[in-house]
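Here is the structure we will look at, set down as structure tokens.
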Amino acid sequence: MLDIYGPNKQHHVITLPLNNLGLVYQALGELNKEFEAHEKSLEMYRATDGHDAPHQDVAMSFNNLEVLYEALDELEKASEKFEQAIQMQLVICRSNEPHPDILTSFENLGTFYLGLVKSNKA
């Protein structure tokens with residue numbers, strides 16, 4: 001795909017495969033490559049959708065980075081990405097209406113904090 005669009009192009013068609021590549025690297029335990037793929041994916045999502053524009057794909061990227069930071073034991077950064085994802089999902093899904101994505105994010109955040117308490121890192 002980079003051959004079609006060029007290595008320095010920002011295009012929405014490239015973002016999902018980059019995100020998925022990050023998940024493959026996660027499964028392989030190659031966290032540095034995973035980080036690069038997720039960061040590049042997030043950068044492209046923001047460039048194509050608008051830097052501060054709320055978009056489900058950007059929220060997904062924040063969630064993926066949270067999981068990575070948690071695996072790297074960078075818990076402050078993980079918490080920050082969780083919060084960014086939740087805030088974006090509240091805007092996308094209209095915070096006054098129940099939505100499964102928001103419920104899942106809050107459940108994941110609760111599990112994250114419970115893990116911190118159990119490991120005495122809270």
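Ordering 28-35, 64-71 by mean Cβ neighbour count within 10 Å, with the highest value first, yields 64-71, 28-35. Over every Cα atom in segment 32-90, the radius of gyration and the widest Cα-Cα span, Dmax, amount to 10.9, 31 Å. Here the residues S105, S79, S119, ranked from fewest to most Cβ neighbours within 10 Å of their Cβ, fall in the order S119, S79, S105.
Every number here is computed from the coordinates shown, using simple stated rules; none is lab data. Fair warning: this is a prediction, and the values are worked out from it, not measured in the lab. Cβ sites come from the backbone with ideal geometry, for glycine too, and all protein chains shown count toward neighbours.
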